[in-house]
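These notes concern the structure reproduced below.
The values are calculated or read from the model by the stated rules, or taken from the named source; none is laboratory data. What you see is a predicted model, and the numbers here were worked out from it, not measured in a lab. Virtual Cβ from ideal backbone geometry, glycine too; neighbours counted across all protein chains shown.
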Amino acid sequence: MVAAVSEGSAVGIGPDGAPRCPWCLGVPDYLSYHDDEWGRPVRDDIGMFERLCLEGFQSGLSWLTILRKRQNFRAAFSGFDPVLVARFGGDDVERLLADKGIVRNRAKIEATISNARAVLDLPDGLASLVWSFAGTAAPAPRNTGEVPAWTPASKALSVRLRKSGFRFTGPVTAYATMQACGVVDDHLADCFRRQAYAV
């Protein structure tokens with residue numbers, strides 16, 4: 001999930017003079033996330049699981065909080081390797097609840113462990129499942145008012161994930177994951193990153 005900006009905002013100009021999605025301007029953490037990661041295709045299960053988990057942890061919080069704790073999350077959750085996280089037990093939950101470097105929310109921690117186990121039960125893996133909901137590319141949004149919070153595809157993905165035992169994966173979280181992993185491209189039409197992908 002990206003930072004909130006006023007509805008209808010068009011691209012802004014970054015420090016290097018390149019046009020960018022306005023949500024990334026003003027905070028270096030957002031700028032590097034936007035330029036180097038957001039919207040780039042993620043095709044592996046570990047990468048997809050990390051994004052899905054972080055989007056779940058973000059629910060109700062600032063995305064900046066999650067970005068700044070990301071390395072701590074990776075250390076705490078064994079690099080988000082579902083095979084390793086699926087082995088976590090009660091002692092690990094208590095360890096994580098005591099870890100000041102992450103978001104210490106019992107329900108989200110337990111959901112992450114449960115979701116890791118659910119990943120292992122998917123016949124073709126998590127990345128394959130998420131990408132199966134890609135559909136036809138939508139027209140490039142011209143401003144932030146044209147970027148949805150969820151779509152019918154993300155709602156369908158959410159339903160599929162929940163049927164597979166996932167938690168904290170509602171339509172908004174599912175859509176934010178799809179955005180983060182390049183399943184949909186919500187860089188604005190005039191953003192230099194969208195232009196770079198189009199080449």
task = Go through the residues of the stretch 152-169 one by one and say whether even a single one is surrounded by fewer than 16 Cβ atoms within 10 Å (Cβ to Cβ), touching a Ser or Thr at 6+ places or on another chain (Cβ under 8 Å) and without any contact (Cβ under 8 Å) to a residue 24 or more places away in the chain.
result = yes
inquiry  = Quick check on this structure: which one of Gly12, Gly79, Gly47, Gly56 is within 23 Å of Leu122 (Cβ to Cβ) and either touching a strand residue (DSSP E or B) at 6+ places or on another chain (Cβ under 9 Å) or surrounded by 20 or more Cβ atoms within 10 Å (Cβ to Cβ) (or both)?
reply    = Gly56
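Yes/no matrix, rows are residues, columns are (1) of a type in the set (Asp, Glu); (2) at pLDDT 95 or above; (3) not in a helix (DSSP H, G or I):
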position	(1), (2), (3)
Ala107	no, yes, no
Thr112	no, yes, no
Ala118	no, yes, no
Val130	no, yes, no
Pro139	no, no, yes
Gly145	no, no, no
Trp150	no, yes, yes
Ala153	no, yes, no
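For Ile46, state whether it is modelled with pLDDT of 95 or more, part of a helix (DSSP H, G or I), aliphatic (A, V, I, L, M) and touching a Pro at 6+ places or on another chain (Cβ under 9 Å).
It is true that Ile46 is modelled with pLDDT of 95 or more, part of a helix (DSSP H, G or I), aliphatic (A, V, I, L, M) and touching a Pro at 6+ places or on another chain (Cβ under 9 Å).
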query = Restricting attention to the stretch 95-106, does a residue exist that is among the β-branched types (Val, Ile, Thr) and farther than 24 Å from Gly182 by Cα?
reply = yes
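In the stretch 89-126, which residue that is among the polar types (S, T, N, Q) and either buried (at least 20 other Cβ atoms within 10 Å of the Cβ) or touching a residue at least 60 places away in the same chain (Cβ under 8 Å) (or both) is nearest to Leu67 (Cα to Cα)?
Checked the stretch 89-126; the qualifying residue nearest to Leu67 (Cα to Cα) is Thr112.
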task = For the stretch 133-148, enumerate the residues that are surrounded by fewer than 16 Cβ atoms within 10 Å (Cβ to Cβ), among the small types (Gly, Ala, Ser) and farther than 11 Å from Met178 by Cα.
result = Gly135, Ala137, Ala138, Gly145
query = Which condition number does Leu122 fail, the rest of (1) within 20 Å of Leu54 (Cβ to Cβ); (2) of a type outside the set (Val, Ile, Thr); (3) out of contact with any Lys or Arg (no Cβ under 7 Å at 6 or more places or on another chain); (4) part of a helix (DSSP H, G or I) being met?
reply = (4)
